[in-house]
Amino acid sequence: MTKNSVRRSARLLGAGLRALLVLTLVCGVVYPLTVTGVAQALFPGRADGSKTRDAEGRVVGSALIGQRYDLPGKAGEAGEAGEEPRPDLRWFQPRPSRGLGTSTVNTRYELLLSGATNRSGDNPELLAWVKAARASVVRENSTATYRVRPADVPPDAVTSSGSGLDPHISPAYAALQVHRVAARNGLTVREVERLVARHTEGRTLGFVGEPRVHVLGLNTALRDLARN
C-alpha cells in the first residue's frame with residue numbers, strides 16, 4: 001500500500017469519526033435537551049407524564065392511561081394463574097382491558113402493549129367475553145333499589161378501546177354505576193350524580209369526539225368526598 005493510499009484512508013477514517021461525534025452530539029445531546037427544555041417550558045404537566053394528584057398532593061396515576069380498580073388477591077397476591085381479578089365495587093370501573101399481553105411488573109392494567117384484542121366482531125372468544133362482561137355489569141351494578149337491564153349496558157362497558165389504554169368511559173356507563181357506588185360508599189345518589197356531572201367532559205372544540213368521563217379523576221374526587 002502506497003503512502004498516498006494510507007493518507008487517503010486516514011483522512012476518510014478521520015472524517016467518519018468527526019461526523020459520528022458531531023451527529024452524536026447534535027442528535028444525542030443537543031436535540032433531546034432542546035425538546036425537553038421546550039416541553040418543560042410550555043407544557044410542564046404533559047412533559048412530566050400528565051400526572052394526576054389527589055387532594056393531599058400525592059400522585060395517583062397518569063391522566064392519559066387507564067387503570068383497574070380491583071380487590072387485592074389472597075395474602076396480597078394476584079390470585080391463582082388465570083383467575084380473573086375481582087373489581088372493587090366501591091369505585092367507578094373503567095373499560096375492560098384485554099390488551100396484547102400481561103406482565104408481572106404491570107399489575108394495574110391487563111396489558112403490556114398498546115392495542116386491542118385484534119379479534120373480529122364474530123369471533124367466538126370475543127362474543128363470549130362480551131356476554132360474560134355484560135352479565136357481570138348487570139349483576140354488579142344492580143342494588144336493592146336499582147335494577148340494571150341487559151339492554152341498559154353501553155358498549156364501552158363490555159369492550160376494550162382500540163388502544164387498550166383509554167382512561168375514559170361514556171356518561172352512560174358512569175350513570176349506570178352511580179347507584180352501586182353511592183350504596184358502597186354511604187353516599188346519596190344525588191351526591192354521586194353531581195360528582196359525575198362535574199367530571200364529564202364535552203366534545204373537543206365542541207364537535208370532535210364524544211362526551212366522556214375521566215375515571216381516575218372521578219375516583220380521586222370520590223375518595224375525597226367519601227372521606228368527608
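With neighbour counts taken as other beta-carbon atoms within 10 Å, the residues Val22, Val215 rank, fewest first, as Val22, Val215. Projecting the Cα atoms of Val137, Ala226, Thr2 onto the charge dipole of the chain (Cβ charges, centred on the Cα centre) puts Thr2 farthest toward the positive pole.
Exposed loop sites here mean GluC sites (Glu not before Pro) with a DSSP loop assignment and at most 14 other beta-carbon atoms within 10 Å; the chain contains its longest site-free run at 84-228.
The trypsin sites (Lys or Arg not before Pro) of the range 121-228 that meet both conditions, a loop assignment by DSSP and at most 11 other Cβ atoms within 10 Å of the site Cβ, are Arg147, Arg203. Taking amide hydrogens as placed 1.01 Å from N in the peptide plane, the amide H of Val148 sits under 5 Å from those of Ser142, Thr143, each at least 5 positions away in sequence or on another chain. Taken one residue at a time, the phi angles of the range 13-25 give Karplus couplings (6.51, -1.76, 1.60, θ = phi - 60°) of 5, x, 5, x, 5, 5, 4, 4, 5, 5, 5, 4, 5 Hz. Gly and Pro are set to x.
Once the Cβ-Cβ distance of Ala144 and Asp54 is raised to the sixth power relative to R0 = 30 Å, the FRET efficiency obtained is 0.45. Using the Cβ-Cβ distance between Arg190 and Ala135 with R0 = 30 Å, the FRET efficiency computed as 1/(1 + (r/R0)^6) comes to roughly 0.55. Cβ-to-Cβ counts within 10 Å put His168, His199 in ascending order as His199, His168, the fewest first.
Once the Cα atoms of helix 189-198 and of the chain are each reduced to a long axis, what angle between those two axes, in degrees from 0 to 90 to the nearest 10, is obtained? Computed tilt is about 30 degrees.
Bear in mind that the values in this text are calculations on the coordinates, not laboratory data. For clarity, every value in this text was computed on a predicted model and none was experimentally measured. As a convention, Cβ positions derive from the backbone with ideal geometry for all residues, glycine included, and neighbour counts pool all protein chains shown.
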